[in-house]
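Worksheet for the structure shown next.
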Amino acid sequence: MKEMIEQRRSVNYFDPEFEMTKAEVKEVIDLAATAPSTMNLQPWETAVVMSAEMKEKLRSVSFDQPKVEEAAAVIVIIADTKGFARTNEAVFESNIELGYMTEEVAATYKKNAGKMFGDPESEAVKKWALINSSLFAMNLMHSASALGFDSHPMGGFNEKEVKKLLNIDEVKLIPLFVCLGKKREEKKLLKRAFRFKSEDFSIFF
Ligand SMILES: Cc1cc2nc3c(=O)[nH]c(=O)nc-3n(C[C@H](O)[C@H](O)[C@H](O)COP(=O)(O)O)c2cc1C
């Protein structure tokens, strides 16, 4: 695990010949969905771009970054500000089924969570959706490594245009894409870029 984390890199050069099956991409996404989230409400969605035609269009709204076309799949991470409405029923139902809480307690939790996370326009909900979907995205990169694939996070795109292209609700946010595939064998990665050390950015109390 330590090695896997140390060896994960942003792979700029994907092998354009390397393809992933839908089942392989789903396996990476399902593993990533073990990510933790506030009250387990999982306010993330993915738009999975695998067809050559759609990758080409997506590249044109992503500052022409070649990896969008060269990767086997581009996972557009969506911070679902409407996530509470989509997930709460199933999450609290399962809490009851799993014996985590009684129906009464679940109803109280649900009511309180609805107050906190129910308004997709609020700043608090945007923050909530961004925090949780970003944790999901990091887990997606590690899931890809665990399953033998390479990945690359990307923030360089025109969010408005991406939403238009993929028919994503205006109120939702796109923190990043994660490209998946295999590094071109002949390409050598630069050495791991500089990182600050804990003593540079941590305060211990
Ligand atoms: C949110 C986010 C956005 C990024 N956007 C881009 C991007 O648009 N294009 C790109 O080439 N790299 C992008 N990167 C990759 C970083 O440059 C890379 O992770 C960093 O240089 C460290 O390299 P490493 O991941 O190999 O250690 C992004 C990374 C993150 C986390």
Do we find that Ala73 is away from the ligand (no atom under 16 Å from the Cβ), of a type outside the set (S, T, N, Q) and touching a residue at least 40 places away in the same chain (Cβ under 8 Å) in this structure? yes
So, first residue more than 27 Å from Gln7 (Cβ to Cβ) in the stretch 116-144, second residue in a loop (DSSP other than H, G, I, E, B) and hydroxyl-bearing (Ser, Thr, Tyr), Cβ within less than 7 Å, six or more apart or across chains; the pairs are Pro120/Thr81; Val125/Thr81; Lys126/Thr81; Ala129/Thr81
Residue check, Ser94 surrounded by fewer than 17 Cβ atoms within 10 Å (Cβ to Cβ), within 16 Å of the ligand (Cβ to nearest atom), without any contact (Cβ under 8 Å) to a residue 24 or more places away in the chain and more than 23 Å from Arg9 (Cα to Cα): no
If the requirement is being in contact with a strand residue (DSSP E or B) (Cβ under 6 Å, 6 or more places away or on another chain), closer than 27 Å to Thr21 by Cα and away from the ligand (no atom under 12 Å from the Cβ), which of these qualifies: Lys172, Lys187, Lys182, Lys163? Lys182
Among the residues of the stretch 190-199, are any within 12 Å of the ligand (Cβ to nearest atom) and in contact (Cβ under 8 Å) with a residue 60 or more places away in the chain? yes
Go through the stretch 94-201 and tell me which helices (runs of 4 or more DSSP H), entirely inside it, have 1 or more residues that are more than 16 Å from Ala47 (Cα to Cα) and among the acidic types (Asp, Glu). 103-117, 123-146, 198-201
Does Lys127 count as farther than 16 Å from Val76 by Cα, surrounded by fewer than 14 Cβ atoms within 10 Å (Cβ to Cβ) and either of a type in the set (D, E, K, R) or modelled with pLDDT of 95 or more (or both)? yes
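The values are calculated or read from the model by the stated rules, or taken from the named source; none is laboratory data. None of the values given here were measured: they were computed from a predicted structure. Heads up, the Cβs are rebuilt from the backbone with ideal geometry, glycines too, and the neighbour counts pull from every protein chain shown.
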